[in-house]
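One structure is given here, and the rest of the page talks about it.
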Amino acid sequence: MNVLPRFPEGFLWGTATSAYQIEGGVNEDGRGASIWDSFCAEPGRIKNGDTGEVACDHYHRWPRDVELMADLGVNAYRFSVAWPRIQPEGRGPADARGLDFYERLVDALAERGIAPALTLYHWDLPQALQDGGGWMNRDTAHRFAEYAALVADRLGDRVPLWITLNEPFVHMTEGYGLGVHAPGEALLLDALPAAHHLLLGHGLAVPALRERTRGQVAITNNYSPVWTAGDSAADHAAATAFDALQNRLFTDPVLLGRYPDLSAFGVTELPFVQDGDLATISAPLDRIGVNYYSPTSVGAPRSLARPGGPSVLSEVQDRLEAAGMPFEDAPIEGYPVTAFDWPVVPDGLRELLTQLRDRYGDGLPPILITENGCSVRDEPARPDQERIDYLDGHLRALHQAIEAGVDVRGYFVWSLLDNFEWAEGFDQRFGLVHVDFTTQVRTPKASYHWLRDQLQAQR
Ligand code: IFM
């Protein structure tokens, strides 16, 4: 094993998961329906008709999962709370059984010296709120702040890190813009109110958390350095436009108190923004969560021929083109790809982190890499070398960014377990631990053993 360079003292090393992707137990202890339960029940939405009904059965098997983390040697664990377990209808008093579940988990983690990093919202909105418009309805932002308060009332004294939202960009674009995730709305840019209400929900939750916890407060965004395909002015304009959407829409309002320029999309006014909203949204944070998987290459729309016939992605691209989006995805060639066909570009992480530092300067809170990892078509018996190479490369790139002066305080591997990968069902495996979804047997992969050895070497 090539030992990684030494990371700073006190660095957080963790794994990450989310509620709907691992818990199962969807009808237990009073949990209400979430938009993902409804979406999975619609024929044709999820590959192979998979659902999160059982997933990794973590709701019952969590003690084993805590053991796996303790044996791995991590000192942090990022998980999310299922809002419908706390408020089955998305409003009203908390169901104590839901809070009890997370309290037991948090206490077990603390006993093992593993710091809980709690994400309040990883896309599983109570269906009852969606029935009222979901994130398209401003009221959902207020409901979210109330929910945050209920969770913090119970766990505020023992959770050191609170993350309000996970990847609101993905939730907005795939859930409300393109309809390939729950709640399945295909509103394209008419989904922008959902973006604003997600941000407002974040901003309203921050003071609710501050009143109830001395833990750190953060938001997690997913970022992708944007590479320009082609050299023309139109290509550069396309890259700038896409960058505003992917990398700035959910960060400029939080860190700068303003929206990025969206005029390339024909958006010059945001009538749903009310006085005072941006001040609420830009409440100071202690950390910023960064999820990184790969860069994106875009150029001016030119109706690229798409080899291989129609696919979900080409359908999405066709819809974007039809809607007159000012960019088009271009392939990134010359790199290995994951099972998802995402290019493996470790240096993209260094590029991204230095770009964030240069873009936001002193306004950038210390960073946590809240997700990074890859899907590999693997079985327990396979050597799992692709995942080891992926993690090794990205951790070295991360170390270079730290050496270059970027303040990064932790790194969470996505994911602890193979789990329910949204529209891909169980087809994409991101886990350090293999899960047999028939027997629920967990088998640590070679990457798990590799990481455990690396963490030992860091001590
Ligand atoms: O599984 C997802 C996770 O829920 C959000 N970030 C990306 C992961 C891999 O696609």
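Taking only the C-alpha atoms of the chain, Rg followed by Dmax gives 20.7, 59 Å.
Multiply the residue separation of Asp153 and Asp427 by 0.36 nm, subtract the distance between their alpha-carbon atoms, and state the gained length in nm to one decimal.
94.9 nm
Here's the picture: charge each Lys and Arg Cβ at +1 and each Asp and Glu Cβ at -1 in the chain, and of Ala205, Asn419, Met136 the one pushed furthest to the positive end of that dipole is Ala205. Of the solvent-accessible surface of the chain, computed with a 1.4 Å probe over protein heavy atoms with every protein chain present, carbon and sulfur atoms account for 50 percent. Take the Cα radius of gyration of region 145-299 and divide it by 2.2 N^0.38 Å, N being the number of residues; the result is 1.11.
Mean sequence separation of contacting Cα pairs (under 8 Å, at least six apart), scaled by the length of the chain, corresponds to a relative contact order of 18 percent. Dipole of the chain computed with +1 at Lys/Arg Cβ and -1 at Asp/Glu Cβ about the Cα centre; of Gln216, Ile35, Phe79, farthest Cα towards the positive end is Gln216.
Each of Ser297, Phe250, Leu192 was scored by the projection of its Cα onto the charge dipole of region 153-305, and the greatest displacement toward the positive side belongs to Phe250; charges sit on the C-beta of Lys, Arg, Asp and Glu. Packing-based ranking of 182-195, 62-75 yields 182-195, 62-75, ordered from highest to lowest mean Cβ neighbour count within 10 Å.
Per-residue Karplus couplings for region 245-257, computed as 6.51 cos²θ - 1.76 cosθ + 1.60 with θ equal to phi - 60°, are listed in order as 6, 6, 9, 10, 4, 9, 10, 4, x, 6, 9, 10, x Hz, Gly and Pro entered as x.
Once Rh is set to the Kirkwood radius over Cα pairs, what Stokes-Einstein translational diffusion coefficient, in µm²/s, holds for region 225-299 at a temperature of 37 °C and a viscosity of 0.692 mPa s?
It diffuses with D of about 236 µm²/s by this estimate.
Computed extension gain for Asp453 through Leu270, at 0.36 nm per residue and net of the alpha carbon distance, reaches 60.8 nm.
For Asp286, the solvent-accessible surface computed with a 1.4 Å probe is close to 50 Å², ligands and nucleic acids excluded. Averaged over its residues, region 165-273 has an accessible area of 34 Å² per residue, based on protein heavy atoms and a 1.4 Å probe. Amide H contacts under 5 Å for Gln216: Leu161, Trp162, restricted to partners 5 or more places along the chain or on a different chain, H placed in the peptide plane at 1.01 Å from N. Solvent exposure of region 330-459 amounts to 38 Å² per residue of accessible area, where only protein heavy atoms count and the probe is 1.4 Å.
Applying 0.36 nm per residue to the separation of Asp29 and Glu42 and subtracting their alpha-carbon distance, the gain on full extension is 2.2 nm.
Summed over the residues of region 1-134 and divided among them, the accessible surface reaches 36 Å² per residue at a probe radius of 1.4 Å.
The values are calculated or read from the model by the stated rules, or taken from the named source; none is laboratory data. What you are looking at is a predicted structure, and each value in this text was computed from that prediction instead of being measured. Glycine gets a Cβ as well: all are built from the backbone with ideal geometry, and neighbour counts include every protein chain shown. Keep in mind that these areas ignore ligands, DNA and RNA; they rest on the heavy atoms of the full protein, side chains included. Shrake-Rupley method; radii C 1.70, N 1.55, O 1.52, S 1.80 Å.
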